[in-house]
Amino acid sequence: MQTSWIPFVPPSASTLSGKVDALYFYVSGVTVFFVLLISLVLAFFVIKYRRRSPYEIPRPIAGSHKLETLWSVIPFVIAMSMFAWGAQLYFQMYRPPQNAAEIYVVGKQWMWKIQHSTGQREINELHVPVGRKIKLIMTAEDTIHDFFVPAFRMKADVLPGRYTTQWFEATTPGTYHLFCAEYCGMNHSGMIGSIIVMQPSEFDNWLSGNAAQQSPAVAGQQLFQSLGCVSCHGANGEGGRGPALVGLFGRKVFLTNGQTIIADEAYVRESIENPQAKLVSGFGPIMPTFQGQVTPEQLIQIMSFIKSLQVTNQPPTSTPPAGVAAPPVAAATATPSPNRQ
Ligand code: CUA
């Protein structure tokens with residue numbers, strides 16, 4: 001494991017970790033400075049203005065507007081500098097870049113299950129290349145966990161029934177701690193793992209050396225068939241009695257209640273588990289619920305398949321196994337339905 005030269009400070013190994021440290025040291029520095037300033041001035045005044053005789057009556061003091069303005073404005077400016085700096089960094093951390101590679105994370109008591117978009121699975125280990133932006137799409141099977149990598153200064157809750165994301169770009173090859181940072185039951189403290197950052201060429205070797213299981217998108221396509229989604233959404237997601245799914249992900253959807261919504265992970269999941277919640281304009285409430293019939297991992301696979309149905313992109317990269325319909329190339333030109341703009 002990598003360590004840092006400052007005691008108690010974890011190694012710094014992502015593009016954002018140095019920025020987080022800079023802000024942290026700034027806030028700590030300002031705090032230490034004012035603690036010292038105030039306590040020293042306090043000690044000095046306590047001694048200088050101590051009561052010298054039991055009959056002493058202090059001189060009355062008239063307030064000073066100048067002084068009061070000064071000690072209001074200076075702290076205000078300092079506090080706002082922390083806010084502005086912090087907010088700017090927060091937005092950088094919580095807005096994953098568009099071109100980031102997606103990796104799926106499922107937390108369960110008590111392990112981290114990870115799957116690369118090429119199909120490789122890992123447990124309690126995550127191999128990533130240096131210098132590439134990685135976006136984690138995370139959910140949990142049972143209770144709240146928290147994916148925490150101190151060396152990358154990143155930490156986010158992983159919740160059942162929801163998707164949270166965080167992203168990073170590792171800067172230094174090495175092995176780093178992964179912790180669960182939310183008490184999740186008896187073996188919470190054992191829910192740990194490693195992030196292994198490799199040179200891109202080494203990583204490509206690792207990737208090719210690990211037999212890729214089916215990519216999540218291909219597995220999702222099979223589920224799409226076996227769960228009977230095809231009968232309404234079309235064999236290739238081109239739509240029919242149900243809305244078309246081609247090009248759906250990330251696009252605006254018009255709902256029967258007049259609202260518009262962006263088709264993100266949360267929306268897709270809700271539409272599978274509780275289809276009546278947000279009906280697409282022009283479609284009736286005919287879809288049954290799949291709550292309890294698909295595991296969180298299967299949901300991720302279906303989501304991956306739906307994401308792969310982009311109008312311009314290629315469908316799933318791995319070859320679909322025999323018996324599965326050909327990749328939905330023709331579907332890209334399917335007749336527009338009301339949920340496409
Ligand atoms: Cu999972 Cu604590």
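The values are calculated or read from the model by the stated rules, or taken from the named source; none is laboratory data. Worth saying up front: this structure is predicted, and the values here are computed from it rather than measured. Glycine also receives a Cβ, built like all others from the backbone with ideal geometry; neighbour counts cover every protein chain displayed. For accessibility, only protein heavy atoms count, side chains too; no ligands or nucleic acids. Shrake-Rupley method; radii C 1.70, N 1.55, O 1.52, S 1.80 Å.
Observations
- The residue among G119, T289, I134 whose Cα reaches farthest toward the positive pole of the charge dipole of the chain, with charges on the beta-carbon of Lys, Arg, Asp and Glu, is I134.
- A Cβ-based charge dipole, computed about the Cα centre of the chain with Lys and Arg at +1 and Asp and Glu at -1, lands at about 1220 debye.
- The chain: most fluctuating residue of R153, R59, R132 per GNM, C-alpha cutoff 10 Å: R59
- Relative to its residue count, segment 140-246 spans a Cα convex hull of 164 Å³ per residue.
- Around the Cα centre of segment 121-269, unit charges on the Cβ atoms of Lys, Arg, Asp and Glu (plus for the first two, minus for the last two) sum to a dipole of about 460 debye.
- If R0 is taken as 35 Å, the Cβ-Cβ distance between I261 and N124 corresponds to a FRET efficiency of 0.45.
- For the chain, the alpha-carbon radius of gyration amounts to 1.36 times the rule-of-thumb value 2.2 N^0.38 Å expected for a compact globular protein.
- As a calculated quantity, the FRET efficiency between Y90 and I144 at R0 = 35 Å, using C-beta atoms, amounts to about 0.95.
- Dividing the alpha-carbon radius of gyration of segment 243-306 by the rule-of-thumb value 2.2 N^0.38 Å gives 1.06.
- When only Cα pairs below 8 angstrom with a gap of at least 6 residues are kept, the chain shows a relative contact order of 15 percent.
- Relative to the dominant Cα principal axis of the chain, helix 296-308 is inclined by about 70°.
- Using just its DSSP H runs of length 4 or more, each adding -39500 (n - 2.57), the chain gives a mean residue ellipticity at 222 nm of -10500 deg cm²/dmol after division by all residues.
- Dipole in debye (nearest 20) - segment 63-171, about Cα centre, beta carbon charges: Lys, Arg +1; Asp, Glu -1: 220 debye
- The chain, accessible surface, carbon-and-sulfur percent (1.4 angstrom probe): 62 percent
- Dipole of segment 29-122 [Lys/Arg +1, Asp/Glu -1 at C-beta], most positive-end residue of G29, T69, A43: A43
- Between 0 and 90°, nearest 10: helix 17-48 axis offset from the chain longest Cα axis: 20 degrees
- Where both bridge residues fall in segment 5-147, DSSP classifies roughly 55% of the beta bridges as antiparallel.
- 0 to 90° range, to nearest 10: angle between helix 65-94 axis and the chain longest Cα axis: 20 degrees
- Cross-link pairs beyond the 18 Å C-alpha cut-off, checked among K252/K307; K19/K113; K108/K278; K19/K155; K155/K252: K19/K113; K108/K278; K155/K252
- Longest site-free stretch - the chain; sites: chymotrypsin sites (Phe, Trp or Tyr not before Pro), DSSP loop, at most 14 other Cβ within 10 Å: 184-341
- Spatial offset of segment 100-154 relative to segment 54-77 amounts to 55 Å, using the alpha carbon center of each.
- Binning the C-alpha pair distances of segment 40-170 at 5 Å intervals from 0 yields a P(r) profile of 2, 8, 12, 15, 11, 7, 5, 5, 5, 5, 6, 6, 5, 4, 3, 1, 0, 0 %, listed from the shortest bin outward.
- Dipole of the chain, positive end: most advanced residue of A235, V253, W110 [Cβ charges, Cα centre]: V253
- Counted over the chain, the DSSP beta bridges are approximately 70% antiparallel.
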